[in-house]
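These notes concern the structure reproduced below.
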Amino acid sequence: MTRTFLDATTLIALGTIGELEQLTSFTGELVIPPTIQNEITTEPAQTNVSRFIDQNAVETTDPAVQDRVQQAKEVLGEKEQNGDVSLIAAILIYTAEDRPVGVVSDDQRVRTTARGLGATVTGTVGVIVRAVEEGLDREDAYTLITQIDSYGLHMTGNLREKAYSLIDNAAKST
């Protein structure tokens, strides 16, 4: 079963607009490490993430991750354990054991490192596209993109158009 680790970037974007339930379209277990949860300090995202964890039995710990924290710090050039280090530590442990692992993040450094280490990677737009594949209406997905763009994750025109194109393609294939 795939474990999917969620980064603060996506949790803040979706939590700010009250749309964290879109993350439930992923199969497998969702994990929000404590270091990630501690990075979510703005409201309403902080309250919505706490509720999401409680209502969806989201995992918040993975003891195996601690075994790779030092290596993850070295990979990222970090001195302290932060959310990025926790995510990369998880990827290091899971890929070393040939176990499937995913990361949902909009942070380019995390995405590039995670992909290079063998994780499946997506971001906030990917979450919405996945939700469309699972039955979310295309127009509702467009509205989510507009809300996310308005309340935090400011998209370039190219990214917004790419998001709409991916949504259209997902809607056609359902």
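The numbers here are math on the coordinates, done by the rules we state, and not lab data. This structure is a prediction, so every number in the text was calculated from the model and none was measured. So basically every Cβ, Gly included, is an ideal-geometry build from the backbone, and we count neighbours across all protein chains shown.
By other beta-carbon atoms within 10 Å, ranking S165, S173 with the fewest at the front produces S173, S165.
For the chain, the longest principal axis of the C-alpha atoms and the axis of helix 45-56 are separated by about 80°.
In order along the stretch 158-170, phi translates into HN-Hα couplings of 5, 5, 4, 5, 4, 4, 4, 5, 5, 5, 4, 5, 5 Hz, rounded to whole numbers, per the Karplus curve 6.51 cos²θ - 1.76 cosθ + 1.60 with θ = phi - 60° and x for Gly and Pro. Among 128-141, 53-66, 99-112, 6-19, the peptide with the highest mean count of other Cβ atoms within 10 Å heads the list, and the full ranking is 6-19, 99-112, 128-141, 53-66. Per-peptide packing, taken as the mean over residues of other Cβ atoms within 10 Å, places 23-29, 76-82 in the sequence 23-29, 76-82 from highest down. The charge dipole of the stretch 14-121, taken about its Cα centre with unit charges on the Cβ of Lys, Arg, Asp and Glu (plus for the first two, minus for the last two), comes to roughly 260 debye. Ellipticity at 222 nm from helices only: DSSP H runs of n ≥ 4 in the chain, each -39500 (n - 2.57), divided by the residue count, give -17000 deg cm²/dmol. For the chain, the residue among Q55, V104, L23 whose Cα projects farthest onto the positive side of the dipole built from Cβ charges is V104. Rounded to the nearest 10 degrees, the inclination of helix 124-133 to the longest alpha-carbon principal axis of the chain is 60 degrees. Distances between placed amide hydrogens fall under 5 Å for G18 paired with no residue 5 or more residues away or on another chain. Summary value for the stretch 18-174: 18 percent relative contact order, contacts being C-alpha pairs under 8 angstrom separated by 6+ residues. Taking θ as phi - 60° and the Karplus parameters 6.51, -1.76 and 1.60, the scalar couplings of the stretch 69-82 work out to 4, 4, 5, 5, 4, 5, 4, 8, x, 9, 8, 10, 7, 10 Hz in sequence order, x denoting glycine and proline.
Our summary gives the stretch 125-172 a relative contact order of 56 percent, counting only alpha carbon pairs under 8 angstrom and 6 or more residues apart. Counting only Cβ charges, +1 for Lys and Arg and -1 for Asp and Glu, the dipole size of the stretch 97-174 around its Cα centre is about 280 debye.
Quick one: Debye curve from the C-alpha atoms of the stretch 125-172, no solvent, what's log10 I(q)/I(0) at q = 0.17, 0.24 Å⁻¹? Each listed q maps to, in turn, -0.40, -0.79. Here's how it looks for F5: its modeled amide H is under 5 Å from those of V31, G102, V103, V104, which are all 5 or more places away or on a different chain. By the equivalent-ellipsoid construction on the alpha carbon gyration tensor, the stretch 3-124 comes out with semi-axes of 22, 15, 13 Å, ordered largest to smallest.
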